[in-house]
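First comes the structure, then the notes that go with it.
Quick note: the coordinates plus some simple rules give every number you see, no bench work behind them. Computed from a predicted model, the values in this text were never measured in an experiment. Cβ: placed from backbone, ideal geometry, glycine included. Neighbour counts: every protein chain shown.
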């Protein structure tokens, strides 16, 4: 089965450090989402891209978060500087346009702990 | 804007009993609806979806859901649960017009007891 690959799987970092999370969408998928999952807030949409262009990043704290797609096979989410409140599981998902026949495919997530 | 409310945060049930996980949505436009399942330490997996057509939708693992437009609901059901169904279940909605932005509910933890 085709998979969305996220790295690293787990990341522990100190407050103030830069964190970069990576996502490899399924080959041929042109829509990529970043979600954050916490116990308190549940699943929050941070940003999403279509054909590498950002369509909506209104859910993302702009002062410290940035999301990019350097090419069609890589999406990145950076936090600089990181804070303890950023501790969460970050999921990437990919899909084909707005075709929902197969839903979107989620990666296994990056569990971020900021101490 | 769309929103999703999952009415129960936790649902305990005994093995082989039926279960219903409730989901209500709010939208002023037509929508697509989804149920995803998340097993511990894993990503989300699509269970089923409603795009159009029959309001009763069948998904994987014996789950089904019914779209009720008048009640703006999309409840998930299974006639007989297994221990392996223990997981977090998320209802999600998106506008049926070209946005692709999925909005998730807070999730319902299904706890199947032996």
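Once every Cα of the protein assembly as shown carries one equal point scatterer and solvent is ignored, give the base-10 log of I(q)/I(0) from the Debye formula at q = 0.10, 0.11, 0.12 Å⁻¹, two decimals.
-0.46, -0.55, -0.66
From zero up to wherever the largest Cα-Cα distance of segment A:18-86 sits, split into 5 Å bins and tell me the percent of pairs in each.
Per 5 Å bin, starting at zero, the Cα-Cα P(r) for segment A:18-86 comes out as 4, 17, 28, 26, 16, 8, 2, 0 percent.
Label-point separation (nm) for residue A:115 and residue A:7, each offset 7 Å from Cα along Cα-to-Cβ?
My value for the distance between the label points is 2.4 nm.
Mind jotting down the three principal axis lengths of segment B:59-114 based on Cα atoms? Whole angstrom, largest first.
On the principal axes, segment B:59-114 reaches 43, 21, 19 Å in Cα extent.
Please quote Rg/Rh for chain A to two decimal places, taking the Kirkwood radius as Rh and restricting both calculations to Cα atoms.
0.95
Restricting everything to alpha-carbon atoms, can you work out Rg to Rh for segment A:51-115 with a Kirkwood hydrodynamic radius?
0.99
Using 0.36 nm times the number of residues separating residue B:7 and residue B:54, minus their current alpha carbon distance, what extension gain do you get? Walk me through the numbers on the way to the answer.
On the way: separation 47, 0.36 × 47 = 16.92 nm, distance 2.40 nm.
Separation in residues times 0.36 nm, less the Cα-Cα distance, equals 14.5 nm.
Can you tell me what the convex hull of the Cα atoms of chain B projects to on average, as an area in nm²? Let's see the in-between values first.
Details: hull surface 27.2 nm².
With every direction weighted equally, the projected area is 6.8 nm².
Just checking the output field for A:37-45: average partner chain Cβ neighbours within 10 Å of each residue's Cβ?
Numbers: counts 7, 0, 1, 1, 1, 8, 11, 2, 4.
The mean count of partner-chain Cβ atoms within 10 Å per residue comes to 4.
Where the centre of each part is set by its Cα atoms, how far does segment A:35-60 sit from segment A:73-98, in angstrom?
Distance between centres, Cα-based: 8 Å.
Based on the Cβ-Cβ distance of residue B:29 and residue B:66, what FRET efficiency does E = 1/(1 + (r/R0)^6) give at R0 = 22 Å, to the nearest 0.05? Intermediate values should be presented prior to the final figure.
On the way: r = 21 Å, r/R0 = 0.93.
Efficiency for this residue pair is about 0.60.
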